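Structure record follows, encoded as structure tokens.
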Amino acid sequence: LEFDRLFGRRHDGLPEDLVNFMHDPLAVAAGCRWPGVTVEEIPIRLEWAGEEYLRTVEDAEGRAFRVVTAVDAHALLAHWLEVVAP
């Protein structure tokens with residue numbers, strides 16, 4: 001849909017490689033660097049949990065990813081409702 005061209009490169013607050021708009025409040029808050037979300041770079045790897053799904057596990061030998069490690073949930077809910085559904 002060319003969101004990167006239409007929005008990402010035209011608005012300083014959005015990443016240039018924007019591929020879609022987030023609808024998950026936590027994903028939006030993290031993506032906008034909202035101060036109530038703590039993001040850390042943590043080395044992780046994938047491992048099977050039974051035969052049904054993969055899960056991420058912290059592993060010093062794993063690849064580093066930016067991961068949300070904490071959120072002020074009450075403040076995020078209040079802020080989200082104020083901004084999205086006034």
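Between Leu1, Leu14, which is modelled with pLDDT under 90, in a loop (DSSP other than H, G, I, E, B), over 26 Å from Leu81 (Cβ atoms) and open to solvent by 50 Å² or more (accessible area, probe 1.4 Å)?
On the way: Leu14 fails: over 26 Å from Leu81 (Cβ atoms).
Result: Leu1 is the single residue among Leu1, Leu14 that is modelled with pLDDT under 90, in a loop (DSSP other than H, G, I, E, B), over 26 Å from Leu81 (Cβ atoms) and open to solvent by 50 Å² or more (accessible area, probe 1.4 Å).
Pull up the range 33-65, narrow it to residues that are in contact with a Ser or Thr (Cβ under 6 Å, 6 or more places away or on another chain) and touching a residue at least 24 places away in the same chain (Cβ under 8 Å), then point me to the one that is nearest to Trp80 (Cα to Cα). Result: Thr38.
Residues considered: Glu58, Glu82, Glu52, Glu47. Of these, the only one that is within 24 Å of His23 (Cβ to Cβ) and either out of contact with any helix residue (DSSP H, G or I) (no Cβ under 9 Å at 6 or more places or on another chain) or not hydroxyl-bearing (Ser, Thr, Tyr) (or both) is Glu82.
Listed by position, the strands (runs of 3 or more DSSP E) enclosed by the range 25-75 that each have at least 2 residues that are surrounded by 15 or more Cβ atoms within 10 Å (Cβ to Cβ) are 37-49, 63-71.
The values are calculated or read from the model by the stated rules, or taken from the named source; none is laboratory data. Just so we're clear, the structure is a prediction, and the values are computed from it rather than from any experiment. Every residue, glycine among them, receives a Cβ derived from its backbone with ideal geometry; neighbour counts consider all protein chains shown. For accessibility, only protein heavy atoms count, side chains too; no ligands or nucleic acids. Shrake-Rupley method; radii C 1.70, N 1.55, O 1.52, S 1.80 Å.
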